[in-house]
Amino acid sequence: MSGKKRVAVLISGNGTNLQALIDACAAPDFPAEIVRVISNRPESYGLVRADKAGLNTLVIDHRGFLDRASFDAALQEALIECNAELVCLAGFMRLLTPEFTAQWEGRMINIHPSLLPAFKGLDTHKRAIESGVRFAGCTIHFVSADMDAGPIIMQAAVPVLAGDTPQSLAERVLEQEHRMFPQALTWLAQGDLSIANGCVEIKTAHKIPVAIIAPEPV
Ligand code: GRF
């Protein structure tokens, strides 16, 4: 027994957040290990990253299921099969049923590319630019029954700059996502997080890294 928490990572796409977790897990003292990477899309580049890292991978193509409940049941079976203790949603683009999320309450975290509760859902960077906000960012939160709404663990803010496109803003936000995810997983795996009245408390011994990057003065 390694003493590390067994983590399953769920992905749908490129998998750069998965890569950040793979890289972090390479450190001997990282408190978690990735025991399975599951994608709902066979073409996810994240699967290639997982293969390269020698990780166990599984495709559960959502298109093969009649409804969300049966897809989630297959997911649950796959998580139990690999003895996952924790789940990271790293760019996993499927809504999950409340029955499924209830089974992982306090043990499943998601990364979302906005400063929640603003801009839940899709196209966050486009909507942030169009709404004229000066700061965008990302959030890691516990997964609850409602989409992008669970207790917030960490956030990072980045400026929205003149001339930003959804792509350029996404790149700036992704840099912060990659910094935050390993830290949030470390806390979760070490048992440093608790939830009180819908808010996350982090063991006071830890300094919470808050990344706020000020925009250039105009
Ligand atoms: C990230 O911005 C993540 O927050 C969002 O989708 C993107 C996935 O990126 N949910 P990647 O697959 O981790 O590269």
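The values are calculated or read from the model by the stated rules, or taken from the named source; none is laboratory data. Predicted model only: the values in this text are computed from it and were never measured. For neighbour counting, all protein chains shown are included, and Cβ atoms are generated from backbone atoms with ideal geometry for every residue, glycine included. Surface accessibility is based on the protein's heavy atoms, side chains included, excluding ligands, DNA and RNA. Shrake-Rupley method; radii C 1.70, N 1.55, O 1.52, S 1.80 Å.
List of remarks:
- Neighbours by Cβ (under 6 Å, 6+ apart or cross-chain): first from region 63-75, of a type outside the set (A, V, I, L, M) and at pLDDT 95 or above; second part of a helix (DSSP H, G or I) and open to solvent by less than 70 Å² (accessible area, probe 1.4 Å): F65/F71; F71/H62; D72/F100
- Counting residues in region 7-23 that are away from the ligand (no atom under 16 Å from the Cβ) and within 21 Å of P151 (Cα to Cα) gives zero.
- Subset of region 77-100 (residues that are part of a helix (DSSP H, G or I) and open to solvent by less than 10 Å² (accessible area, probe 1.4 Å)): A78, L79, F100
- Enumeration of residues in region 18-45 that are closer than 14 Å to V59 by Cα and open to solvent by less than 20 Å² (accessible area, probe 1.4 Å): V37, I38, S39, N40, S44
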